[in-house]
Amino acid sequence: MQIFFTSDTHFFHRNIIKYCHRPFISPDEMNQAMVTIWNRQVKKTDRVYHLGDVSFGGLSETFQLLAQLNGEICLISGNHDDELIHDPYLRERFRFIRPYHEEKIDGQELVMCHYPIMQWRNAQRGAWHLYGHTHGSLQVHGAAMDVGIDAHPLFRLWRWSEIKAKLGKKRALPYPSKPIYPEREFSEQWEVLKLNGEPIEKC
């Protein structure tokens, strides 16, 4: 079994062709191309982690399109998946549907979310963060990357081997060097409160 990652396919979405400069004339042409790209990479026994924003189509046409895709699909839902995740028939197409997912693959800890996270769980201890939503327009600091189809230089799904090669070269996110509220300022405020005899409310 091979493992793939993608996000923001936006099947049936006419405006995404313009917004992301996808090389298609119509949503139908885009759908056919992406199904072909998907099935050339993914076999029926493979697994795909889709990090959200699957389709802008109706429930019936989305159901028919998903039936054409190879592989077992795990959905980390995005902001355009509300109708999809609440339909009982469409839900059956996915191994699971979650807004956030953590998993170890080949011993590597992964934090997956549709949205980019600045400080993810165990970011300073070697965990990698995979996200979508930004269509390749935002790079998060540390070992993180956008796995969306628009973020791939060849407009295709990301292989697990590609992600390992890319994030394996990145350093873990460093610990913050300074607290947001410097200790000196807090100490001064504390002394003033004690001198004034003002009651201290517990947080």
Any residue at all in region 30-48 that is within 22 Å of M1 (Cα to Cα) and assigned to a strand (DSSP E or B)?
yes
Residue set E109, E103; condition under 25 Å from L167 (Cβ atoms) and without any contact (Cβ under 8 Å) to a residue 12 or more places away in the chain; output residue E103
Selected residue [crowded, with 17+ Cβ neighbours inside 10 Å, free of Cβ contacts under 8 Å to residues at least 40 places away in the same chain, aromatic (F, W, Y) and farther than 15 Å from V147 by Cβ] from F63, F12:
F63
Among the residues of region 10-27, are any in contact with a helix residue (DSSP H, G or I) (Cβ under 7 Å, 6 or more places away or on another chain), over 23 Å from S137 (Cβ atoms) and in a strand (DSSP E or B)?
no
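Based on what the data block shows, is D146 charged (D, E, K, R), more than 29 Å from S177 (Cβ to Cβ) and either free of Cβ contacts under 8 Å to residues at least 12 places away in the same chain or surrounded by 13 or more Cβ atoms within 10 Å (Cβ to Cβ) (or both)? Lay out the reasoning, then the answer.
Values: charged (D, E, K, R): yes; more than 29 Å from S177 (Cβ to Cβ): no; either free of Cβ contacts under 8 Å to residues at least 12 places away in the same chain or surrounded by 13 or more Cβ atoms within 10 Å (Cβ to Cβ) (or both): yes.
Considered against the rule, which asks whether it is charged (D, E, K, R), more than 29 Å from S177 (Cβ to Cβ) and either free of Cβ contacts under 8 Å to residues at least 12 places away in the same chain or surrounded by 13 or more Cβ atoms within 10 Å (Cβ to Cβ) (or both), D146 comes out as no.
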Consider region 72-81. How many of its residues are out of contact with any helix residue (DSSP H, G or I) (no Cβ under 8 Å at 6 or more places or on another chain) and either buried (at least 17 other Cβ atoms within 10 Å of the Cβ) or more than 22 Å from I17 (Cα to Cα) (or both)?
6
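Every read-out reported here was derived from the displayed coordinates using simple, explicitly stated rules and does not represent laboratory data. Since the structure is predicted, the reported quantities are computational estimates derived from the model, not experimental observations. Reconstructed Cβ throughout: ideal geometry from the backbone, glycine too, with neighbour counts over all protein chains shown.
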